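Peer 1: Sharing a structure here in structure tokens format.
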Amino acid sequence: MKLLLLAAIVFGTTAIFAQQTNESITIGTENRTYVQYLPTGFDVTTESLPVVFILHGLGDVATNMAGIGTNNIADTARFIAIYPQGTLNSFGSNAWNNGTLLASTSDDIGLMNALMNDMINNYNVDPTRVYVTGFSMGGIMSYHLACALNDRIAAIASMSGTMSTDDIANCVPTYKTPVMHVHGTADGTVPYDSGALPTLSLVPETMDFWIGVHSCSAITDSTQLPDTASDGITVDRFIWTGCTPNQGLELWRLNGADHVYMSEPSNDFTEANEIWRFFLKWSHPNPSTASTIEIPGQLNVHVFPNPAKESITISSASDIEISIIDINGKVCSMTEISSGETTLDVSDLDAGVYLVQGSNGYSERLVIQ
């Protein structure tokens, strides 16, 4: 689809906007971009619509995500679709700052918070109906946002992306976010139930976390979707019972599927359609309309310089234990530091990407040159 320049034509009290546009917003010192899609005939003066944020995977771009079929649903279901663009990590791949080893260093929580504010203030979005979904690293980021912006997001859906181990250890959602998870059992990129990657959980661990959050029963209602496509994949849908909220946790298990996005007619269902059906059931009972909940510990710890060569200085507001972990998950060092500034020798570390983790829940990606 050819992208249209943003145009608003005002006739009396009616504002008609172009449908898909390239937008930008400044977060701190960074210029961030995103694709915005407004449903056909959107009228800001008479409609208060939901908004769905759709996050791309590692190395992907927002414009690709805008082509997965969500826009067609937005036209008929009446919601605004936003496709934020990630920034480059140290490997040169577009990524999200989500506490994993391949994360970027941009303020993505600030970005999402600002975009939500913009949608509410300038497009009359219903603050009780803000949703987030994403594929692969975008799915991992959806979970991250459910923790960091728990008071703003009504429901999330993750496509082929599990929770980070840091979020599982430190996320304490006061709002029991409804969650839908879609994942292939033969996923070779984000493993399903064995061979977990460093800093990432497996699907059962992710589900167990939300079973605990929702206080669900161990029993699930399960159904198998009709096997209509000749793709070698069958689909089982699990809905946990006894949850708060009721039916607030779903798993769509793609038996035999790799790291793929499901879409008809090639597959038995289209993920964008089913995700919207899930979102449609939920609204946030007490949403904040202008705030950011910071990830635990992030404001009280800082590592500099980053990138580093010989040494790093860690500034902390309290006494904590600091671990430096390599990309394979090996703990390279573990040090007790006192409040204030502490300098650590990192000259024995090979050049590469590491994760600095604190016992208070802090985590930050560190680049050694």
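The values are calculated or read from the model by the stated rules, or taken from the named source; none is laboratory data. Predicted, not measured: the structure shown is a model, and the values here were computed from it. Note that each Cβ is placed from the backbone with ideal geometry, even for glycine, and that neighbours are counted across all protein chains shown.
Peer 1: Is it true that Ser323 is without any contact (Cβ under 8 Å) to a residue 24 or more places away in the chain, assigned to a strand (DSSP E or B) and outside the structural domain of Ser164 (by TED's automatic domain parsing)?
Peer 2: Details: without any contact (Cβ under 8 Å) to a residue 24 or more places away in the chain: no; assigned to a strand (DSSP E or B): yes; outside the structural domain of Ser164 (by TED's automatic domain parsing): yes.
When the stated conditions are applied, Ser323 does not pass them.
Peer 1: I want to confirm something. Restricting to the range 327-353 and keeping residues that are at negative phi and in contact (Cβ under 8 Å) with a residue 40 or more places away in the chain, which single residue is surrounded by the fewest Cβ atoms within 10 Å (Cβ to Cβ)? Give the steps one after another, and end with the answer.
Peer 2: First, the residues of the range 327-353 that are at negative phi: 327-328, 330-339, 341-351, 353.
With the extra rule that they be in contact (Cβ under 8 Å) with a residue 40 or more places away in the chain, the set shrinks to 327-328, 353.
Numbers: Ile327: 15, Asn328: 8, Val353: 17.
Taking the candidates together, the pick is Asn328.
Peer 1: So, one more: Considering only the range 342-369, state which residues are outside any loop (DSSP other than H, G, I, E, B) and either polar (S, T, N, Q) or in contact with a Gly (Cβ under 9 Å, 6 or more places away or on another chain) (or both). Step through it out loud before you land on a result.
Peer 2: Just the residues of the range 342-369 that are outside any loop (DSSP other than H, G, I, E, B), to begin with: 342-345, 352-358, 363-368.
Within the range 342-369, Thr342, Thr343, Leu355, Gln357, Gly358, Ser363, Glu364, Arg365, Val367, Ile368 meet the criteria.
Peer 1: In the list Asp107, Asp126, Asp166, which residue meets the criterion of being charged (D, E, K, R), buried (at least 21 other Cβ atoms within 10 Å of the Cβ) and out of contact with any Phe, Trp or Tyr (no Cβ under 8 Å at 6 or more places or on another chain)? Steps first, please.
Peer 2: Numbers: Asp107 fails: buried (at least 21 other Cβ atoms within 10 Å of the Cβ); Asp126 fails: buried (at least 21 other Cβ atoms within 10 Å of the Cβ).
One residue alone meets the criteria, Asp166.
Peer 1: Scan the range 333-341 and give yes if some residue there is out of contact with any Ser or Thr (no Cβ under 7 Å at 6 or more places or on another chain), of a type outside the set (Ser, Thr, Tyr), modelled with pLDDT of 90 or more and part of a loop (DSSP other than H, G, I, E, B), otherwise no.
Peer 2: no
Peer 1: Identify the residue in the range 226-268 that is β-branched (Val, Ile, Thr) and exposed (fewer than 15 other Cβ atoms within 10 Å of the Cβ) and, among all such residues, is nearest to Trp282 (Cα to Cα). Full working, then the answer.
Peer 2: The initial filter retains those residues of the range 226-268 that are β-branched (Val, Ile, Thr), namely 228, 233-235, 239, 241, 244, 260.
After this cut, where a residue has to be exposed (fewer than 15 other Cβ atoms within 10 Å of the Cβ) as well, the list is 228, 241, 244.
Details: Thr228: 29, Thr241: 17, Thr244: 12 Å.
Taking the candidates together, the pick is Thr244.
Peer 1: Looking at Ser291, Ser215, Ser283, which one is at pLDDT 95 or above, closer than 30 Å to Asp118 by Cβ and either buried (at least 18 other Cβ atoms within 10 Å of the Cβ) or among the small types (Gly, Ala, Ser) (or both)?
Peer 2: The match here is Ser283.
Peer 1: So, Ala95, is that one crowded, with 20+ Cβ neighbours inside 10 Å, over 20 Å from Pro307 (Cα atoms), touching a Ser or Thr at 6+ places or on another chain (Cβ under 9 Å) and small (Gly, Ala, Ser) or not?
Peer 2: Working: crowded, with 20+ Cβ neighbours inside 10 Å: yes; over 20 Å from Pro307 (Cα atoms): no; touching a Ser or Thr at 6+ places or on another chain (Cβ under 9 Å): yes; small (Gly, Ala, Ser): yes.
Criteria not met by Ala95.
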